[in-house]
Amino acid sequence: MQVTKTTTLGETVALNEPLAPASSQQHGKVQVSHGTGRRWPLSRWLTLLTFAVLLALPVLLAVLDNSFLLTLVSRCMIYGIAAISLNLILGYGGMLSLGHAAFFGIGAYVVGITAQNFMYGTALMEWPFELAASNDAIVVWPVAILLSALAALLIGAISLRTSGVYFLMLTLAFAQMIYFIFVSLDQYGGDDGMNLMSRNTLLGLDLDNDLTFYYVCFGCLLLIYLLVQRLIAARFGMVLRGCKQNEQRMQAMGFPTYRYRLMAFALAGAGAGLAGALIGNQMEYVSPNLLHWKMSGELMVMVLLGGLGTLLGPLWGAFAFLLVEDVLSGITEHWMLFFGPFLILVVLFAKGGIYGYLIRKEQP
Amino acid sequence: MSTTDTPWALEARGLVKRYGQLVATDHADICVAKGELHALIGPNGAGKTTLIKQLSGEIFSDQGQIRFHGADITRMPIHQRAHRGLVRSYQITSIFEEMSVIDNVALAVQALQGHSFRFWRPAASDARLREPAFRCLERVRLAHRASVLAGNLAHGEKRQLEIAMTLAAEPSMLLLDEPMAGMSPEESGQMVELLQALKGEHSILLVEHDMDAVFSLSDRLTVLVYGKPLVTGTAAEIRNDQRVREAYLGEEAA
């Protein structure tokens, strides 16, 4: 009896199919949907493997006494967070944004500006009320996330009135405007950026310890990954994917698509804000380069390199990009000369990116 | 006029749509009674799709008024009209090819159930979406293809899915734009059967080129020529109308 009940649910049709009388005559035609079968799909294995390796890596590096790699992997994870957030709008939402670095940079500058004021004991602002600077991540990072999301909300509200190339141009233009605003902030280093005296503290944790900082980055990455995973599978994610495939139809069905796309854009900005706050801490240095359009381009390359519209792809892309960059730039100053062909090869032969290529068979 | 005492599901008066010098819709009146299947026919380029777009709210009319169950919806955007129960299907198949068949319909169901700012619960295991979606697929006889990728369906099946998605919105009125376009005779036979079943439950405005289907299904027809309704009447009246013969049927009757 339970069988007939479950056949009314699309996903379970495939599972109980041999038992279900309604679909028995169509036996060969019903695809087994991934994620519900007894065997785990490759994507789940790879996800588990990726996070297990990241979790265990510091132990291995401690044995090898390699602290440089620990810093590099922290950096990869941070860029991974930024790329995952960009993929939310680029891969799932189909929004071609070339302004993502703005939100990344705003997050970093929130850390930089509060750190400098904290160091000198000066107020962040004196009017309309005096606001003292904090050095605790529990205060600074949420502010970074919030301000980045707010900036994304404003930029998105205008840019999302257009689409395609025009959207790309508008996001680029807004991001460059913000870039020049920060370049003009002479009290915060202007063109040169500014050094941080130390990293934030996190509820008594000392983030100046590279190992502690590594696991904080890991925690943030895991959190963002899980949030995006839930969000994509939830009703909101369905609407977002629908807007990418056929926005006109979504409107005809009764979805006010603009609001959903704007929400996704703001959420992506928030994710980039967190990544920015982390990178400011990691480098202990903040400069306008973080907001430059080249950074937006690099984030976009990471997403494409790993796998557009996949959950894990952007993270892999960030690792591939930064590790290859690190190795090549150690060999030659003109590393871009070799990185370019590498990108072209991936795009030509691994359609859907490195990760996307591996799981291509189970993708819808 | 209150919303209850009008006999019309849809009442459009004096609609005009201009594209530069071209008058695509020229003071068109079209009224569809509640529960009626009303066909809109006319030669190619008569402006049928433009009129459908005006009625569905994809484009706004330059002049004229549209009432839906008595309420003025002339300036109402498309998604609000959909929520009121006025839903269109598309001439060119407009489905989500990268999603499964059931996901396509579930998305249409989702549109009905308030806002979708829900970020946590997976939609794929949500019975409130899946069960109504599956019932819609059963109505169009596509339930056995529920978990297939929509892009992999045959042409006729895509048209069936299109109708299922329209039905999922629980519309009181359907605007069907050439549901049989490009179908094999066998497929259109099934579609006629399906429309026959939907007739009476929903008010329908049907744009279709298949004259056999149109004449067998419709209660009344309107013939549109150069964006202007030439004549409205029953199938028999239209068949015997001299003006229609000249303007449109003449070529086929000869």
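Please order B:T25, B:T49, B:T166 by the number of other Cβ within 10 Å, starting at the fewest.
Listing B:T25, B:T49, B:T166 from fewest to most nearby Cβ atoms yields B:T49, B:T166, B:T25.
Just to verify a number: FRET efficiency for B:E186 and A:L154, C-beta to C-beta distance, R0 = 51 Å, to 0.05?
0.40
Placing a label point 7 Å from the Cα of A:V324 along the Cα-to-Cβ direction, the residues of region A:263-297 whose backbone N falls under 19 Å of that point are A:294-297. Calculated on C-alpha atoms, the gyration radius of region B:1-102 divided by its Kirkwood radius gives an Rg/Rh of 1.00.
Tell me, what is the FRET efficiency for A:L222 and B:K228 to the nearest 0.05, using R0 = 56 angstrom and their Cβ-Cβ distance as r?
The calculated FRET efficiency here is 0.30.
Based on alpha-carbon atoms, the Kirkwood radius and the radius of gyration of chain A give Rg/Rh equal to 1.02.
Ranking of A:I158, A:I354, A:I89, A:I181 by neighbouring Cβ atoms within 10 Å, starting from the fewest: A:I158, A:I181, A:I354, A:I89. Computed over region B:93-169, the P(r) tail beyond 21 angstrom holds 19 percent of alpha carbon pairs. Computed over the alpha carbons of region B:40-175, Rg followed by Dmax gives 16.1, 50 Å. In chain A, the longest principal axis of the Cα atoms and the axis of helix A:67-87 are about 60 degrees apart.
Mean-square fluctuations from a GNM of chain A, with a 10 angstrom spring cutoff on Cα atoms, peak among A:L311, A:L299, A:L203 at A:L203. Short-range pairs are left out: with C-alpha atoms under 8 Å and at least six residues apart, the relative contact order of chain B is 27 percent.
Relative contact order of chain A, taken over Cα pairs closer than 8 Å and 6 or more residues apart, is 27 percent.
Taking the protein assembly as shown as the region of interest, the number of lysine pairs whose Cα atoms are within less than 19 Å, with members eight or more places apart or on different chains, is 9. Ordered by the count of other Cβ atoms within 10 Å of each Cβ, fewest first, B:S172, B:S61 give B:S172, B:S61.
Its DSSP H runs of at least 4 residues, each contributing -39,500 (n - 2.57), put the calculated 222 nm mean residue ellipticity of the protein assembly as shown at -17000 deg cm²/dmol, to the nearest 500. On the principal axes of its alpha carbon atoms, region A:313-364 extends 42, 20, 10 Å, with the longest extent given first. For chain A, the longest principal axis of the Cα atoms and the long axis of helix A:313-331 meet at an angle of about 50 degrees. By the Stokes-Einstein formula, at 1.002 mPa s and 20 °C, chain B with its Kirkwood radius over alpha-carbon pairs has D equal to 113 µm²/s.
If eta is 1.567 mPa s and T is 4 °C, what Stokes-Einstein diffusion coefficient results for region A:192-249, Kirkwood Rh from Cα pairs, in µm²/s?
In µm²/s, the coefficient rounds to 88.
Max-minus-min Cα coordinates of the protein assembly as shown on each principal axis give 92, 60, 47 Å, with the largest extent listed first.
Every read-out reported here was derived from the displayed coordinates using simple, explicitly stated rules and does not represent laboratory data. What you see is a predicted model, and the numbers here were worked out from it, not measured in a lab. Methodologically, a virtual Cβ is constructed for each residue, glycine included, from the backbone with ideal geometry; neighbour enumeration extends over all protein chains shown.
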